[in-house]
Every structure is written in C-alpha cells, then in structure tokens.
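Right, one structure below, let's go through it.
The values are calculated or read from the model by the stated rules, or taken from the named source; none is laboratory data. Just so it is clear, the structure is predicted and the values come from calculations on it, not from any experiment. Here the Cβ positions follow ideal geometry from the backbone for every residue, glycine too, while neighbour counts run over all protein chains shown.
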Amino acid sequence: MGVSMELMEFQPGSVNVPHTHPRGAEILFVVDGSLTVGTTDSNGKLYKNVLQKGDVFVFPKGLPHYQANFDKTNKAVAVAAFGSSNAGTVSLPKSLVWIEY
C-alpha cells in the first residue's frame, strides 16, 4: 500500500536525534504529552514548533528533522505515518546537531 506507521514513546528528556527519511514524508500525531519538533527547508532554515496532545506536524521527504521531549517528568507518545512502506532512516552526524532548547 506504500504506507508504514510507527508508535513512539519519548521518555522525559529524550531526543530522537536529527535524521532524514529519503524515501517518504512523515506525518507525526501527538497522542499524549508534548514534543518539540524541528525541521529545515531546502535552504537549511530551521523551523521549530512545540506540539501538544492532538497536534499534527508534517516532515517533508528527505529533509532533516528531530523530535524531543523536554518535559523533565512526563513521557510523550506519538504516532508517525510515512508515505512509503520503506521510508528509510538516515541519522545525521552528531557534529551537525542543531537542536535548540
């Protein structure tokens, strides 16, 4: 069907480090808690948002992005859907981390 999904639990203070999905866009739905998310456009400009329960965010295919739970006491839960049955994941080198707290 060309679609895949993932359930993600973010423990307090955890980060899904910057990465890309070269074969599919990602849509993220926050089920519980809050997440800070960031992505870049094709020129490298950072776009960052804080998502609450019920919010949705789209990460375009191939563009770097991250998710982080900066809450020190509560976990966050999200469901991600990908526009590919095999979107792939490519982690960025740790020297390129641009997460803004």
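Key figures for this structure:
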{"item": "Candidate set from region 28-84 (those that are aromatic (F, W, Y) and buried (at least 20 other Cβ atoms within 10 Å of the Cβ)); member that is nearest to E9 (Cα to Cα)", "result": "Y66"}
{"item": "Strands (runs of 3 or more DSSP E) contained in the chain and holding at least 3 residues among the β-branched types (V, I, T)", "result": "15-20, 26-32, 34-40"}
{"item": "Near pairs, Cβ below 8 angstrom, 6+ apart or cross-chain, from region 39-52 (of a type in the set (F, W, Y)) to any residue that is surrounded by 11 or more Cβ atoms within 10 Å (Cβ to Cβ) and at pLDDT 90 or above", "result": "Y47/G38; Y47/T39"}
{"item": "Among residues of region 1-27, those that are crowded, with 18+ Cβ neighbours inside 10 Å and in contact with a strand residue (DSSP E or B) (Cβ under 6 Å, 6 or more places away or on another chain), counted", "result": "6"}
{"item": "Residue check for D32: at pLDDT 95 or above, more than 14 Å from T89 (Cβ to Cβ) and of a type in the set (D, E)", "result": "yes"}
{"item": "Search result, residues across region 1-31 that are of a type in the set (A, V, I, L, M) and touching a Gly at 6+ places or on another chain (Cβ under 9 Å)", "result": "V3, A25, I27, V30, V31"}
